[in-house]
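Novice: Please read through the structure below; I'll follow up with questions.
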Amino acid sequence: MKKILILTAGFGEGHNAAARSLRDALEHIDPSARVEVLDLFEVGYGRLNEVAKKAYLGLVRYAPGLWNGVYRWLDTSEMANRNLGAMGRLNHALADVLKHMEPDCVVSCYPAYAHAIRELFRDHQERPFRFGTIITDSITVNSAWFKAPSDWFCVANEPTGQVLRKNGIPADQVRALGFPVNRVFAEPLSPPLESPTRHGPRVLYIINTGKKKAGKMLDRLMEIPRPHLTITCGRDAELKTELIKRTEKFRDRVEVLGWTNQMPKLMRTHHLIIGKAGGATVQEAIAAACPMVINQVIPGQEEGNATLVEQIEGGAVADGNKDVARTVEEAFDDGAAVWKRWRKNLEAVSRPDASLRIAEMVLEDCSRQDRPGNGRISAYPRPAGEMPGAPAFIPSNANRNLLCDFHIHTNYSDGKLTVAEVVDFYGKHGFDCICITDHLADPRRLIGKLSRLTNLTLAPSQLEEYFEVIERERRRALRRYGMHVMTGIEFNKDGLSRKSSAHLLGVDLQDKIDPALDLEETIAKIHSQGGLAIASHPHVMKSEWGKDTLYLWENQETFVPLLDAWEIANRNNIFTPVGLKQLPFIANSDFHKPKHINSWKTLLHCEKDPAAIKQCIRDNRNVAITLFRDYLHEASPQPAAFPLRLEPRRIDVNRVLAV
Ligand code: ZN
Ligand code: ZN
């Protein structure tokens, strides 16, 4: 049983939202895990905390300028930093909880805890758990978040990751997995949201500001003729009654809600949100790909959130009530041109499954903690000769090349193993990332029709199940082996001759793609899902099966700009011309059965994260190929010199490159 402690604080809205979403995701993935969410400011400070919270909220509401000053002071003052770490009662409360719970992993959603943990485990007393921080700010990140150490820092997006790296946090500690929003955001929406041009836009207005302002804003909004308006106004019953009265004559297109726990659903079923630039709200809007018109920004801590929306171009920051109404109106003018652009931009960066991905990482982190050899860091004396002050834990993926295979068939097409068997097989061989790519034939092509009849390719009706099964195995692989599994498809576009035949890999697909699309359309679809389009065995092969597929190679002027990479090696074949042309390359097994593991593979020097892996292939820098040999299953000819390896194999790329 894994024990995970999540630490949060009720200041502002982002910390608690992140903590709750992560807990739900952890429990969803691993029902046996024991997950505790704790606000130690509440436990440790009692009534004093209530006063502090009220002061904070009051300060924010009535004197944003003053708060700005306080916030900057906290950010720059060394004194403030030391005080954060020395907050005695917080430290005591934390020490107590740690002693009783003995967590495998502690996750902090509020900066003060990292300072407390640094205080509790300073000198040579090593801490017996993994510790990670989820940063809930964006872009303008208060340095209190990273001035005390964490094993990893999870950030909502790449620009925030850059801020950390610029401030000296090692790249392998920075994980841009997205903001942990409620996992409901990742569930399919049915029916899907209609275009706003069909029955008019649906606008969600989240009221946080004082009553008077809210009323005036509504009057202006109701002057716009078409939108359907949903208003949420929290637990303020008086305000709710007042708003219902005020919108009486628009009853057919205005709905006033009080407090609601249906925010994810509301965001996904509306076209636009009006609200303040709170950390959770902005991140949830991005997850829902719902454009936002921001009507309030708390200086300092919320500026980053507002900047983020502007940088993504997923909405606008409005200045005053009039400007809000005008911005909303303009977004839906001209067939909603502006809105459509916002929506598209948001879809490109949306990470609705972030809480699940972070949860997977945390669970993986916990198992790492248990594994002997990786050093369960405890109060036990160090082995003689070990350097004092050496890092207690070195992540296994630091400065190591990732062993990858992006072309694998299962028994969903003509492979011999099931998806689960493939996962176990590759996991035990120590792979870091694999992509399962079963054949999907073009039904319009003669050979496509034939091969489908003989059960050698995926039937289009199986695609949904195929995606589900791989998704399930993906989670298991990450927990069990720390291996990333991607869903892919090998699109078979076979003609009657080798020059009219092409095989195209779609790597890391999120959804099915119509097999009848032509190659260029298929590549566009792959890219729209964030996937990689790769030419499989693009040149002449010495193959024990099948025939050459040369169409992509023969039409390079069309396909070089479109494809992300070309297989420079496929199983035992090496395609020298791909190297001569200096095309971006990778190497794959084209795995159909266990003996195919003895074949060319790709090594990537990058962060062990699907997004980083894909980017590494796109950039095609720090990519190497290696001829993999299976020492795990084959009896060695010289047992004394080459004992059976029971541990996953680690490859030294420098040696490989020197060969
Ligand atoms: Zn193929
Ligand atoms: Zn293949």
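Novice: Within the range 410-431, count every residue that is crowded, with 24+ Cβ neighbours inside 10 Å, in contact with a Lys or Arg (Cβ under 9 Å, 6 or more places away or on another chain) and not aliphatic (A, V, I, L, M).
Specialist: 2
Novice: Pick out the one residue from Ala477, Ala533, Ala524 that is touching a strand residue (DSSP E or B) at 6+ places or on another chain (Cβ under 7 Å) and either surrounded by fewer than 23 Cβ atoms within 10 Å (Cβ to Cβ) or closer than 22 Å to Gly579 by Cα (or both).
Specialist: From the options Ala477, Ala533, Ala524, the qualifying one is Ala533.
A quick yes/no check of all residues on (1) outside the structural domain of Arg621 (by TED's automatic domain parsing); (2) at pLDDT 95 or above; (3) under 29 Å from the mean Cα position of the chain (by Cα):
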position	(1), (2), (3)
Leu552	no, yes, no
Asp564	no, yes, yes
Glu567	no, yes, yes
Asn570	no, yes, no
Asn573	no, no, no
Val578	no, yes, no
Pro584	no, yes, yes
Ala587	no, yes, yes
Phe591	no, yes, yes
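Novice: Could you check the range 574-611 and list, in sequence order, the residues that are within 14 Å of ligand 1 (Cβ to nearest atom) and acidic (Asp, Glu)?
Specialist: Asp590 - this is the single residue of the range 574-611 that is within 14 Å of ligand 1 (Cβ to nearest atom) and acidic (Asp, Glu).
Novice: Looking at the range 557-566, can you tell me whether even one residue there is closer than 20 Å to Lys601 by Cβ and assigned to a helix (DSSP H, G or I)?
Specialist: no
Novice: Among the residues of the range 595-612, which ones are in a helix (DSSP H, G or I) and open to solvent by 50 Å² or more (accessible area, probe 1.4 Å)?
Specialist: Lys595
Novice: On to the next question. Is there any pair linking a residue in the range 402-424 that is charged (D, E, K, R) to one that is surrounded by fewer than 19 Cβ atoms within 10 Å (Cβ to Cβ), with Cβ under 6 Å and at least six apart or on different chains, and which?
Specialist: Asp414/Leu456; Lys416/Lys593
Novice: Can you name the number of the only condition in (1) open to solvent by 40 Å² or more (accessible area, probe 1.4 Å); (2) within 14 Å of ligand 1 (Cβ to nearest atom) that Arg571 fails?
Specialist: Among (1) open to solvent by 40 Å² or more (accessible area, probe 1.4 Å); (2) within 14 Å of ligand 1 (Cβ to nearest atom), Arg571 violates only (1).
Novice: Further, regarding this structure: For the range 512-548, how many residues meet the condition of being assigned to a loop (DSSP other than H, G, I, E, B), in contact with a Gly (Cβ under 9 Å, 6 or more places away or on another chain) and within 16 Å of ligand 2 (Cβ to nearest atom)?
Specialist: Looking only at that region, the number is 2.
Novice: Quick check: anything in the range 303-322 assigned to a helix (DSSP H, G or I), surrounded by fewer than 23 Cβ atoms within 10 Å (Cβ to Cβ), on the phi > 0 side of the Ramachandran plot and not assigned by TED's automatic domain parsing to the domain that holds Ile139?
Specialist: For the range 303-322, residues assigned to a helix (DSSP H, G or I), surrounded by fewer than 23 Cβ atoms within 10 Å (Cβ to Cβ), on the phi > 0 side of the Ramachandran plot and not assigned by TED's automatic domain parsing to the domain that holds Ile139: present.
Novice: Which ones in the range 423-441 are more than 13 Å from ligand 2 (Cβ to nearest atom), more than 24 Å from the chain's Cα centre (by Cα) and among the hydrophobic types (A, V, I, L, M, F, W, C)?
Specialist: Result: Phe425, single match.
Novice: Shifting gears a bit: May I ask you to list the residues in the range 232-266 that are touching a helix residue (DSSP H, G or I) at 6+ places or on another chain (Cβ under 6 Å) and under 25 Å from Lys340 (Cβ atoms)?
Specialist: Scanning the range 232-266 gives a single hit, Pro264.
Novice: Among the listed residues Gly168, Gly234, which satisfies the condition of being open to solvent by 20 Å² or more (accessible area, probe 1.4 Å), over 23 Å from the mean Cα position of the chain (by Cα) and closer than 29 Å to Thr307 by Cβ?
Specialist: Exactly one of Gly168, Gly234 is open to solvent by 20 Å² or more (accessible area, probe 1.4 Å), over 23 Å from the mean Cα position of the chain (by Cα) and closer than 29 Å to Thr307 by Cβ, namely Gly234.
Novice: Failed condition for Met267, given (1) in a loop (DSSP other than H, G, I, E, B); (2) among the aliphatic types (A, V, I, L, M); (3) surrounded by 19 or more Cβ atoms within 10 Å (Cβ to Cβ), with all others met?
Specialist: (1)
Novice: Looking at the range 276-297, which of its residues are more than 18 Å from Glu158 (Cα to Cα), in contact (Cβ under 8 Å) with a residue 24 or more places away in the chain and surrounded by fewer than 22 Cβ atoms within 10 Å (Cβ to Cβ)?
Specialist: Lys276, Gln296
Novice: Restricting the first residue to the range 249-272 and requiring it to be closer than 17 Å to Ser350 by Cα, which pairs with a second residue that is in a helix (DSSP H, G or I) and not charged (D, E, K, R) meet a Cβ separation below 6 Å and a spacing of at least six or different chains?
Specialist: Pro264/Val184; Pro264/Phe185; His271/Pro196
Novice: OK, next. For the range 577-594, which positions are in contact (Cβ under 8 Å) with a residue 24 or more places away in the chain, more than 14 Å from ligand 2 (Cβ to nearest atom) and open to solvent by 20 Å² or more (accessible area, probe 1.4 Å)?
Specialist: Those that are in contact (Cβ under 8 Å) with a residue 24 or more places away in the chain, more than 14 Å from ligand 2 (Cβ to nearest atom) and open to solvent by 20 Å² or more (accessible area, probe 1.4 Å): Pro577, Lys581, Pro584, Phe585, Pro594.
Novice: Here is a further query. Given the options Arg235, Arg220, Arg251, name the one that is more than 30 Å from Cys154 (Cα to Cα), assigned to a loop (DSSP other than H, G, I, E, B) and out of contact with any Leu (no Cβ under 8 Å at 6 or more places or on another chain).
Specialist: Arg235
Novice: Quick one: how many residues across the range 473-507 are within 16 Å of ligand 2 (Cβ to nearest atom) and not small (Gly, Ala, Ser)?
Specialist: Looking only at that region, the number is 13.
Novice: Hey, can you tell me all the residues within the range 199-219 that are at pLDDT 85 or above and basic (Lys, Arg)?
Specialist: Arg202
Novice: Condition check: within 16 Å of ligand 1 (Cβ to nearest atom) and open to solvent by less than 60 Å² (accessible area, probe 1.4 Å). Does Ile513 satisfy that?
Specialist: No, not satisfied.
Novice: Taking Cys154 as meeting all but one of (1) hydrophobic (A, V, I, L, M, F, W, C); (2) buried (at least 21 other Cβ atoms within 10 Å of the Cβ); (3) not in a strand (DSSP E or B), write down the number of the exception.
Specialist: So Cys154 meets the others, but not (3).
Novice: Also, I was wondering about something else. Residues that are at pLDDT below 80: list the helices (runs of 4 or more DSSP H) wholly contained in the range 1-102 that include at least 3 such residues.
Specialist: 40-45, 47-62, 64-76, 78-85, 88-101
Novice: Follow-up. Any residue at all in the range 103-117 that is surrounded by fewer than 19 Cβ atoms within 10 Å (Cβ to Cβ) and assigned by TED's automatic domain parsing to the domain that holds Arg34?
Specialist: No: zero hits.
Novice: Given the criteria charged (D, E, K, R), at pLDDT below 85, open to solvent by 20 Å² or more (accessible area, probe 1.4 Å) and part of a loop (DSSP other than H, G, I, E, B), does Asp137 qualify?
Specialist: No, not satisfied.
The values are calculated or read from the model by the stated rules, or taken from the named source; none is laboratory data. For clarity, every value in this text was computed on a predicted model and none was experimentally measured. No Cβ is skipped: glycine too gets one built from the backbone with ideal geometry, and neighbour counts run over all protein chains shown. Accessible surface is based on the protein model in full, side chains and every heavy atom, while ligands, DNA and RNA are left aside. Shrake-Rupley method; radii C 1.70, N 1.55, O 1.52, S 1.80 Å.
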